[in-house]
Amino acid sequence: MTTTPKNKKTGIIRWSAIVPLTVLIVITYAYFAFFFDGHMKSLIEWGGYKALGSEVNVGQFKSSFTGGHVEINKIEITNAEQPQLNSLELQSVRFNINWDALLRLKFVVEEMAAEGIQLNSKRSRPGKVAPPPPPDINEGPSFTEQLQGKAVDKITKDYSDNVLGDIASFLKSGDLNAQLKNIEGTLEAKKVAEDLNKKWTDKKQQWDQNIKQLPTEKDINSFKTRFEGIQYKNFKTPQEVESAVNQFNALKKDVDDKVKIVETTKNNLVSDVQAIQTDYQLLDQKIKSDINGLKTRFKIPQLNAGQFAKSLFMSYLTPYTIKLDHYKKMAQKYLPPKYSQMLDGKKNKTEKDDDTIQPHPREKGVTYEFPVEKGYPLFWIQKIKISSQSNAQTDFGDLTGLIQNITSNQRQIGKQTTLDVSGQFKSMNISGIKAFAAFNNIQPTPSAQFNVQVGQYGLQNLDLINSADGSIKIPQSRNSLLIAGSTLGFKSYDISLKNDFKDVKFDISAKEKIVNDILQQTLSTIPSFDLQASIKGEIKNLDVQVSSSLGGQLEKAFGQLLQKKVDEVNAQIKERIDKEIGQIKSQIDSQTLAIKNQYGSEVTKVQNQLESQKKLADDRIQQAKKDLENQAKSKIQQEGQKAVDDLKKKLGF
Amino acid sequence: MTLLLKQLFNFIRLLHSENGTYQIVWGLTLGAFLGFSPFFSLQTFLILAILLIFKIQFGAAFLSSFFFKFIAYLFDPAADLLGRWVLELPNLRSVWTALYNMPIIPYTRFNNSIVMGSFVFVLLISPILFLGFKTIIIRYRTHIVHRFEQTKAWKAFKATKFYEWYMKYDDLYGTK
């Protein structure tokens with residue numbers, strides 16, 4: 001311990017701390033002045049690549065802390081399918097950060113301006129594209145899988161790529177009998193029918209034996225003889241009555257034994273009748289499955305307009321659903337868990353009770369909420385103004401629009417997020433673009449709706465069908481598109497697409513002359529047609545519908561011709577099946593009919609006879625008892641009268 | 001940790017010197033504010049900034065804040081009642097509303113009953129604490145330290161070579 005006096009006068013400011021603090025502030029300032037923008041640029045490029053799976057480039061990131069101003073120039077997002085192009089290019093994005101909100105640790109942008117929008121612009125070098133992630137086995141079916149799995153049934157799915165080939169080969173299929181000749185060994189139903197026939201023939205023999213075990217006419221007559229021989233009235237002594245009752249009971253027991261045999265037989269019969277019905281159902285199923293198998297083998301093309309439409313437009317619609325799946329996956333990855341669970345079709349997980357030992361929580365007190373006169377949500381971009389105009393140097397899209405209220409808390413501001421954009425891309429021949437979208441999270445269940453309309457755009461070299469048997473192509477067409485959709489709670493969806501194809505000229509080629517002629521005749525008269533698709537329902541079980549007026553017109557053209565052929569095939573198959581299985585089936589029928597009806601009636605007859613015999617025995621026993629009772633009563637009366645008479649005599653009356 | 005220990009040793013050394021009474025007293029008083037304030041709050045950072053800028057004894061402040069954290073914990077129910085009373089005063093409602101809508105101020109969490117109650121309490125007792133700490137330190141130095149220095153054991157220890165070397169080292173490298 002020291003008592004050394006130190007009388008050196010020092011001030012109250014800790015200068016030794018001020019200097020390092022100042023240095024720290026200067027370094028911080030220098031960082032933000034010289035390095036921050038570069039790091040932010042790299043961060044956006046890195047984050048963008050991670051989030052979108054394709055290279056994102058930022059030309060320049062400029063920020064000013066004092067002015068709260070940010071400017072990002074030349075944002076390029078690589079097109080994952082064509083890396084030499086950008087899927088989107090933005091010339092400039094500018095915004096000012098609200099300092100008042102920032103002091104409250106909130107990120108608020110009052111107005112953001114996005115200018116110079118280009119689609120599919122050329123890149124200076126091909127962009128990097130991340131490899132697709134491995135499929136998640138726990139993931140539910142995608143929109144694409146549901147479109148391919150539900151819009152098209154099994155047969156159409158197998159042959160959807162080759163509908164022309166199917167039609168052609170079906171139409172030219174010659175002698176059906178010859179093709180059906182060798183089906184014998186392949187019919188499962190025949191094998192089942194043979195097995196059943198053997199089973200029920202054996203059963204019938206078994207039943208012949210069973211029926212012989214039943215009481216015969218002779219047995220029943222012997223019961224009758226025994227029955228008639230038992231006294232049942234005019235008893236003289238109680239011993240006679242007792243003997244008669246014992247005889248009746250013995251007879252009843254013998255009858256009961258026979259009844260039991262009959263009942264057991266009857267129960268067996270009922271269960272066999274049920275087995276017959278089950279076997280019949282099995283046989284019918286096998287016959288149906290054999291008929292379907294034969295139809296598949298003959299590649300019977302689906303003749304309705306819907307199936308035509310699905311076969312024709314499957315490859316055209318698939319890229320749309322693939323995009324939808326891509327955005328769904330992205331949303332699942334980046335949305336807060338509450339919403340991504342909804343996209344999974346899962347219910348919100350309820351928080352599990354924490355059963356670990358917790359320290360005693362410090363008193364939390366009451367946090368008072370005073371009226372908010374100037375409050376902000378954590379994140380809020382109030383407006384994004386989209387204004388993009390073509391100029392002499394660059395052909396930007398001419399777009400104007402407004403995106404409002406992108407926020408982390410819609411309930412606080414009481415406004416929903418909306419998007420309203422319209423415009424055109426002259427260089428790409430796209431005009432009449434109108435897009436509206438709204439996301440409402442103010443209500444307890446969030447909802448979203450969108451409506452995208454493209455008044456006119458050109459499509460080139462659209463392959464509807466392209467196979468070895470022929471092709472249907474549309475080299476050029478003028479189209480319009482309307483896609484509308486809505487979702488409630490990200491659980492149920494209602495999305496519809498209407499695509500009008502105008503000024504269409506088909507390029508047709510088919511190997512088979514008959515098909516080629518029909519297609520030429522039909523399609524040359526069709527200048528326009530539509531395509532309508534809808535996806536409705538819960539995400540894991542969507543109802544997918546595809547229809548097109550083109551399908552209807554093709555159905556009409558091929559309908560009569562194909563229907564005639566289909567009827568012929570159906571009749572032939574039916575005849576062949578009947579021939580192969582009908583005989584065995586009629587044998588089974590006769591065997592089972594005997595079991596059901598003949599043996600059934602025999603068992604019932606014997607049972608009835610035995611039951612009536614039993615009832616008669618019961619009646620006789622009752623009668624015998626009553627007779628004895630009457631006799632006893634009259635005997636007592638006589639004895640009583642005699643005693644009275646004797647008493648009178650004794651008393652001298 | 002080393003820095004904290006160094007500050008505590010400095011505090012003990014300063015306590016036993018004849019200087020720096022106010023440095024210690026302010027440190028102990030501001031430590032009480034730290035103890036009664038929530039850790040992540042604006043007032044905590046303000047007090048830390050004051051401690052950094054002015055020559056206030058860090059060790060005393062940390063020791064005091066550690067001690068008053070426990071007191072504050074026990075005082076919570078009472079602070080809750082006091083805070084509720086203050087925050088519900090009709091005359092002050094407009095003041096609270098204005099503060100609530102100001103930037104930065106809400107980071108003090110003044111609208112919480114315990115934070116407000118603790119703050120009001122420590123503010124009220126801070127003059128008493130200041131004077132109390134001052135008195136205690138002076139009395140400690142004049143009575144207890146003096147009496148201890150008169151003991152034979154201390155005198156014997158002071159006569160050792162080890163003590164001589166320690167004093168030399170302290171003269172050369174010791175800091176406040």
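The values are calculated or read from the model by the stated rules, or taken from the named source; none is laboratory data. Predicted model, so just to flag it, every value in this text is computed and none were measured. Glycine gets a Cβ as well: all are built from the backbone with ideal geometry, and neighbour counts include every protein chain shown. Quick note on the areas: whole protein, heavy atoms, side chains included, nothing else; ligands and nucleic acids left out. Shrake-Rupley method; radii C 1.70, N 1.55, O 1.52, S 1.80 Å.
Please give me the summed charge of the neighbours of A:P377: other residues whose Cβ is under 12 Å from its Cβ, Lys and Arg +1, Asp and Glu -1.
For residues surrounding A:P377, the net value is +4.
Once phi is turned into θ = phi - 60°, what whole-Hz ³J(HN,Hα) does the Karplus curve with 6.51, -1.76 and 1.60 give for every residue of region A:612-625, x standing for Gly and Pro?
Per residue, the Karplus-derived 3J(HN,Hα) values read 5, 5, 4, 5, 4, 4, 4, 4, 5, 4, 4, 5, 4, 4 Hz.
Computed FRET efficiency, Cβ-Cβ of A:E242 and A:Q205, R0 51 Å: what is it to the nearest 0.05?
0.55
Express the relative contact order of region B:25-152 as a whole percentage, based on alpha carbon pairs under 8 Å and six or more residues apart in sequence.
32 percent
On average, how many beta carbons from a partner chain sit within 10 Å of the beta carbon of a residue in B:99-112?
That average works out to 4.
Round to a whole number: what % of the accessible area of region A:29-82 belongs to carbon and sulfur, probe 1.4 Å?
Taking all protein chains in place, region A:29-82 shows 65 percent carbon and sulfur surface.
Looking only at Cα atoms, what is the convex hull volume of region A:562-642 per residue, in Å³?
89 Å³
Quick one: net charge around A:E639, please, counting Lys, Arg +1 and Asp, Glu -1 for every other residue with C-beta under 14 Å from its C-beta.
Net of charged neighbours comes to +1.
Taking Cα atoms, how many degrees apart are the long axis of helix B:42-53 and the longest axis of chain B, rounded to 10 and kept between 0 and 90?
30 degrees
Which positions within region A:13-39 get 10 Å² or more of their accessible surface covered by the other protein chains, compared to the chain by itself, with a 1.4 angstrom probe?
Buried by 10 Å² or more upon assembly, which counts only protein chains, are A:I13, A:R14, A:A17, A:I18, A:L21.
Over region B:31-174, what portion of Cα pair distances is larger than 17 Å, expressed as a whole percent?
72 percent
Pairs A:K323/A:K415; A:K122/A:K415; A:K122/A:K383; A:K585/A:K615; A:K128/A:K511; A:K199/A:K224: which exceed 32 Å Cα-Cα?
Pairs exceeding 32 Å: A:K122/A:K415; A:K585/A:K615; A:K128/A:K511; A:K199/A:K224.
Nearest 100 Å² is fine: how much accessible area is buried between B and A, summed over both sides, with a 1.4 Å probe?
Buried area (both sides, nearest 100 Å²): 3500 Å².
How shielded is B:70-78 by partner chains, expressed as the average number of their Cβ atoms within 10 Å of its Cβ atoms?
1
Could you sort B:R147, B:R141, A:R411, A:R123 by accessible area so the largest value comes first, with the probe set to 1.4 Å?
B:R147, A:R411, B:R141, A:R123
Give the peptides A:324-330, A:90-96, A:269-275 in descending order of average Cβ contacts within 10 Å, highest first.
A:90-96, A:324-330, A:269-275
Skip the ligands, DNA and RNA, and give the accessible area per residue of region A:522-613 with a 1.4 Å probe, whole Å².
About 50 Å² of surface per residue is accessible.
Please give the contour-minus-distance gain from A:Y29 to A:K579: 0.36 nm per residue of separation, less the Cα-Cα distance, rounded to one decimal in nm.
188.5 nm
Evaluate E = 1/(1 + (r/R0)^6) for A:Q637 and A:A250, where r is the Cβ-Cβ distance and R0 equals 22 Å; express this FRET efficiency to the nearest 0.05.
0.05
By how many degrees, 0 to 90 and rounded to 10, does the Cα axis of helix B:21-36 deviate from the longest principal axis of chain B?
40 degrees
Would you mind giving the mean number of other chain beta-carbons within 10 Å of the Cβ of each residue in B:79-89, as a whole number?
Partner-chain Cβ atoms within 10 Å, mean over residues of B:79-89: 2.
So what is the accessible area of region B:5-142 per residue, in Å², with the probe set to 1.4 Å?
Counting only protein heavy atoms, the per-residue value for region B:5-142 is 50 Å².
Report, in degrees rounded to the nearest 10, the 0 to 90 angle that the Cα long axis of helix B:58-87 makes with the longest principal axis of chain B.
20 degrees
With every protein chain present, what is the per residue accessible area of region A:5-66 (1.4 Å probe, Å²)?
72 Å²
What spacing in nm lies between the two simple spin-label points modelled at A:Q623 and A:D645, each 7 Å away from Cα in the Cβ direction?
Using points 7 Å along Cα→Cβ, the separation is 3.4 nm.
Count charges around A:I406 for me, please; just the other residues with Cβ under 14 Å from its Cβ, Lys/Arg as +1, Asp/Glu as -1.
Net local charge, A:I406 excluded: +1.
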